Amino acid sequence: MDSADATGLQATLFDFAIAELVRQHRDSFQPAWTVESWVKLLIWLSLNCGCRGDETGMTSFADALGPTLTGRMRRLFFERELEDLDLKVMADPAEQQVLILPMGPGVPLDRSRACSVIERVGLMADVVTDQDRWQELDAVVVVPRRETA
C-alpha cells in the first residue's frame, strides 16, 4: 500500500470515528436540540483530548478543529435518522426552520408523517404547530421554529 492509499484510509477512518462519536454521545447532553447541548459536547470532547477547561483551552480546541470539521460535527449533532420511517430530521437551532427529508427515493412524506417525526424526536415545543404554516416542497417538509422571547 502506498502512502497516498494509507493516508486516504486514515482520513476515512477518522471521518467515520468522529461521526460515530458524535452520534453515540449527542443524546447525553441536555437539553436536546439546543446550542447549550452542542457546547457541552464540545467541552466534553476538548477535555477528553487533554485541553484545559479555561477559555484559552477551549479556543485552542475550536481552532484546531477548524470550520470544516466543526460544521460537519454540528450537522451530525443536530440531525436524526429514523430508519424505520426512512426519514431524516435536521434541526439546528441556529436555523429558522426544521427540515424533514426522506432518506431514499420514493419515500412518502406529508405533513402528517412530518408531525409524527417531530413529536417522536421531541421537537414539538420548538416548532410552530399550525400545520398551515408548514411547507411541503419537492422532497422536504419545512417546519418553522417558534419565535424565542
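Calculate for the chain the 222 nm mean residue ellipticity that helices alone would give, adding -39,500 (n - 2.57) per DSSP H run of length 4 or more and normalising by residue count, nearest 500 deg cm²/dmol.
Taking each H run of at least 4 residues, the total per residue is -16000 deg cm²/dmol.
If you take the beta carbon distance between Asp2 and Leu69 as r and set R0 to 22 Å, what does 1/(1 + (r/R0)^6) give as a FRET efficiency, to the nearest 0.05? Could the numbers behind the result be given before it?
On the way: r = 26 Å, r/R0 = 1.16.
With a Förster radius of 22 Å, E is 0.30.
Can you give me the long-range amide H partners of Arg145? Hydrogens built in the peptide plane at 1.01 Å from N, cutoff under 5 Å, separation of 5 or more residues or another chain.
For Arg145, the qualifying residues are Gln97, Val98, Val128.
Can you classify the range 1-90 as rounded, prolate or oblate using the Cα gyration tensor, where a ≥ b ≥ c are the square roots of its eigenvalues, rounded means a/c under 1.5, and otherwise it's prolate if a/b beats b/c and oblate if not?
On the way: a/c = 2.35, a/b = 1.05, b/c = 2.23.
Cα axes put the range 1-90 in the oblate bin.
What is the distance in Å between the Cα centroid of the range 82-104 and that of the range 1-73?
22 Å
Which far-off residues, 5 or more places away or on another chain, put their amide H under 5 Å from the one on Leu87, with H placed in the peptide plane?
Under 5 Å from the amide H of Leu87: Leu82, Met103.
Assuming R0 = 30 Å, can you tell me the calculated FRET efficiency for the pair Asp130 and Val107, based on Cβ-Cβ distance, to the nearest 0.05?
Numbers: r = 25 Å, r/R0 = 0.83.
Rounded to the nearest 0.05, the efficiency is 0.75.
How long is the gain from Glu119 to Val142 if the chain were fully straight, where each residue apart is worth 0.36 nm and the alpha carbon distance is subtracted?
Values: separation 23, 0.36 × 23 = 8.28 nm, distance 1.48 nm.
Stretched out fully, the Glu119 to Val142 stretch lengthens by 6.8 nm.
Where a number appears in this text, it was derived from the coordinates with a stated rule and is not lab data. Predicted model, so just to flag it, every value in this text is computed and none were measured. No Cβ is skipped: glycine too gets one built from the backbone with ideal geometry, and neighbour counts run over all protein chains shown.
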